[in-house]
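Nothing in this text is a laboratory measurement; each read-out follows from the coordinates by a stated rule. Quick caveat, the model's predicted, so the values are computed rather than measured. Glycine also receives a Cβ, built like all others from the backbone with ideal geometry; neighbour counts cover every protein chain displayed.
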Amino acid sequence: MKMELKNIEINSIVINKRIREDLGDIDALSNSIRDFGLISPLLINRNKILISGLRRLEACKKLDHSHIQAIIVDLEDDSLLFHIESQENLCRKPLTATEVDKGIEMKKRFALDEIRGKTFLGNIWNKIKSVFKKKGK
């Protein structure tokens with residue numbers, strides 16, 4: 001299957017009947033795309049029919065983007081398009097409660113490190129750490 005990554009005009013993308021009806025929290029996804037960019041491009045066919053990425057598309061519309069990155073594939077078979085859409089939504093695994101907790105702790109640590117590095121007290125903290133690192137050599 002031939003694939004090509006392109007920047008596509010959002011308004012040119014065709015949305016046919018979809019499996020997913022509940023798009024969930026588009027605001028959170030929009031904020032993520034605004035802060036970090038679109039991490040995963042949409043998947044469309046040559047006729048610009050959306051195969052996967054409806055939530056990403058809607059989030060980018062909410063951000064008033066005029067274009068979006070999309071992988072274009074040479075597929076026209078409706079049955080195959082349906083199977084790809086369903087597989088993308090069914091074959092992913094949500095984080096476990098333990099993994100969510102771990103992520104929250106990591107986020108707290110990164111936030112604390114950032115605060116320590118950007119404030120007056122943070123500068124003092126960094127100097128204290130560097131003194132102890134030198135003594136530990």
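Residue count for the stretch 1-18 satisfying the condition of being hydroxyl-bearing (Ser, Thr, Tyr) and in a loop (DSSP other than H, G, I, E, B): 0. Any chance you could count how many residues in the stretch 19-37 are farther than 19 Å from Glu85 by Cα and in a loop (DSSP other than H, G, I, E, B)? Counting residues in the stretch 19-37 that are farther than 19 Å from Glu85 by Cα and in a loop (DSSP other than H, G, I, E, B) gives 2.
Can we say Leu42 is farther than 17 Å from Ser66 by Cβ and aliphatic (A, V, I, L, M)? No: the conditions fail for Leu42.
Within the stretch 63-99, the residues that satisfy the criterion of being part of a helix (DSSP H, G or I) and surrounded by 11 or more Cβ atoms within 10 Å (Cβ to Cβ) are Leu80, Leu81, Phe82, His83, Ile84, Glu85, Ser86, Gln87, Glu88, Asn89, Glu99.
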